Amino acid sequence: MQLSDIQAKLLIVDDLPENLLALEALIKREDRTVYKALSADEALSLLLQHEFAMAILDVQMPGMNGFELAELMRGTDRTKNIPIVFVSAAGREMNYAFKGYESGAVDFLHKPLDIHAVKSKVNVFVDMYRQSKAMQQQVEALEQSRREQETLLVQLQQTQIELEHAVRMRDDFMSIVSHEVRTPLNGLILETQLRKMHLARNNASAFTMDKMHAMVERDERQIQSLIRLIEDMLDVSRIRTGKLSIRPGEFDLSRAVANLLEVFSPQISAAQSSVNFTADQPVVGQWDEFRIEQVISNLLTNALRYGAKKPIDVTVYTEDDFAVVAVRDNGIGISKDNQQRIFQQFERVSGSHVVAGLGLGLFISEQIVAAHNGKITVQSELGEGALFTIHLPLVQKT
Ligand SMILES: Nc1ncnc2c1ncn2[C@@H]1O[C@H](COP(=O)(O)OP(=O)(O)OP(=O)(O)O)[C@@H](O)[C@H]1O
Ligand SMILES: [Mg+2]
């Protein structure tokens, strides 16, 4: 930006219109705008509306004179630094009549006006004004860019923290995944080797109908747990790409939970726990049955894992416009700090690593419930068990 691009506004005040016109003709230029005031009052109202590079005040005016006007200008922040040139008909001793003007930029012109003196004084003040404007703009630009750099730095630091966290999570996740995959695979490979050995020895008694039943049973469980691991990981990438689809159909939530508890009965006894089930009948709505079962399965699995073998309460009921499923356990509980965290992917409460799990269950559950316009909440105190509640709208708003 060039200095001459900075518009300079000049204020001239005189009670005689012909004086104003003559002065205007002298100082007018393309890069300056001249404002004329016929009285101090007019001048004050212009001073409120515009930022002036300088003011040229006639000293002798009826009403408020030039010095009084200057006194008023000195009293206001907005105007106290505007350079003033007084025009007077009196002798040069008048020069000292006005003292102590804040900016110090006070000058005098005498009637009759010397064309050259007027022009050069105005040039000096306008140049000063432009230079200080330009400086001010540079300072502001500098300050602006400093602020931008500061925000950028904060963002960068934030991103770095997030990145480090993501890398740590990925490393943890990889080691948990390999551990989780290895457990069922080890079971399977051991079984296979055992069977091979029996076959090599022609040991038909190892393959009786009973034993085959148990074998297939065990194989199936191991394979199921592998499938679940892979399904969970697939769900996470579906969620990431926004492809987790919900296929709603009408069903009775109470019946679905009852059926699910049937399926869970081996796990419930394996965990040496028990489940109290109470349900309103029926609780019907439009939801994705497979996905909702997935959510409740996860809550049940968690309650069994972290429930310290204590009884579990499962309740299905309606409340206002929602169907509610509540799973309460009496186990280790979750501290307030961790209650937010556990809904994020791969997040597990430290110490729970002794128990199996990828830390994906609640993350996936929350996404599924959200896709139904519902919500999942937890209430818990450390050591006091946990209550997980899902709310599903009974009627979908379209
Ligand atoms: N009922 C509960 N009581 C205490 N802690 C719980 C309970 N449910 C979840 N948590 C904590 O929240 C963490 C996250 O749960 P989430 O279901 O997402 O993962 P996970 O059970 O560890 O693994 P996954 O579900 O993927 O097999 C758990 O690791 C556990 O620390
Ligand atoms: Mg889980």
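The values are calculated or read from the model by the stated rules, or taken from the named source; none is laboratory data. All of these numbers come straight from a predicted model, not from anything done at the bench. FYI the Cβ positions are ideal-geometry reconstructions off the backbone, even for glycines, and counts take in every protein chain you see. Surface areas here come from the heavy atoms of the whole protein model, side chains and all, with no ligands, DNA or RNA. Shrake-Rupley method; radii C 1.70, N 1.55, O 1.52, S 1.80 Å.
Here the dipole of the range 3-139 is about 360 debye; that uses its Cα centre as origin and unit charges on the Cβ of Lys and Arg (positive) and Asp and Glu (negative).
Protection proxy ranking, highest mean first, for peptides 9-15, 366-372, 215-221: 9-15, 366-372, 215-221, where packing is the per-residue count of other beta-carbon atoms within 10 Å, averaged. Considering only alpha-carbon pairs that sit under 8 angstrom and 6 or more positions apart, the relative contact order computed for the chain is 10 percent.
I'd like the orientation of helix 289-306 relative to the chain: the angle between its Cα long axis and the longest Cα principal axis, in ° from 0 to 90, rounded to 10. Tilt of helix 289-306: around 80 degrees. Note on Ser237 and Asp280: their simple-model spin labels are 4.1 nm apart, each label 7 Å out from Cα toward Cβ. Within the set of other residues whose C-beta is less than 13 Å from the C-beta of His165, count the net charge using Lys and Arg as +1 and Asp and Glu as -1. Local net charge: -2. GNM on the chain, alpha-carbon springs under 10 angstrom: the most fluctuating residue among Leu260, Leu229, Leu142 is Leu142. The relative contact order of the range 249-393, computed from alpha carbon pairs under 8 Å that lie at least 6 residues apart in sequence, is 24 percent.
Of Asp171, Asp41, which has the most accessible area with a 1.4 Å probe, and how do the rest follow in descending order?
Largest to smallest exposure gives the sequence Asp41, Asp171.
Heavy-atom accessible area for Arg305, with the other protein chains in place and a 1.4 Å probe, reaches approximately 80 Å².
Of Leu44, Leu392, Leu72, Leu156, the order by accessible heavy-atom surface (1.4 Å probe, DNA, RNA and ligands excluded), from most exposed downward, is Leu156, Leu72, Leu44, Leu392.
For the pair Val263 and Arg247, label points projected 7 Å from Cα toward Cβ lie 1.5 nm apart. Secondary structure note: in the range 3-139, about 0% of the DSSP beta bridges are antiparallel. Ser365 exposes around 0 Å² of accessible area when a 1.4 Å probe is run over every protein chain in place.
Expressed as a whole percent, the accessible surface of the range 154-240 that belongs to carbon and sulfur atoms is 61, based on a 1.4 Å probe. Label sites at Met135 and Asp5, each approximated as a point 7 angstrom past Cα along Cα to Cβ, lie 2.1 nm apart.
With protein chains left intact and a 1.4 Å probe, residues in the range 154-240 average 77 Å² of accessible area per residue. What is the sum of charges, Lys and Arg at +1 and Asp and Glu at -1, for the other residues whose Cβ falls under 13 Å from the Cβ of Met212? Cβ neighbours under 13 Å give a net charge of -2. Here r is the Cβ-Cβ distance between Ala200 and Leu226 and R0 is 35 Å; the resulting FRET efficiency, rounded to 0.05, is 0.85. Among Ile239, Ile364, Ile56, the residue with the largest mean-square fluctuation in a Gaussian network model of the chain, with springs joining Cα atoms closer than 10 Å, is Ile56. Near Phe388, within a Cβ-to-Cβ distance under 12 Å, what is the net charge of the other residues, with Lys and Arg +1 and Asp and Glu -1? That works out to -1.
Average accessible surface for the range 3-139: 53 Å² per residue, computed with a 1.4 Å probe over protein heavy atoms with every protein chain in place. Computed from the Cβ-Cβ distance with R0 of 51 Å, the FRET efficiency linking Ser45 to Leu153 stands at 0.65. Principal-axis analysis of the Cα atoms of the chain puts helix 115-200 at an angle of about 0° to the longest axis.
Need one number: % antiparallel among DSSP beta bridges in the chain, to the nearest 5.
Rounded to the nearest five, the antiparallel share is 50 percent.
For the range 23-65, the fraction of 1.4 Å probe accessible surface lying on carbon and sulfur atoms is 54 percent. Once the Cβ-Cβ distance of Asn373 and Gln339 is raised to the sixth power relative to R0 = 22 Å, the FRET efficiency obtained is 0.50.
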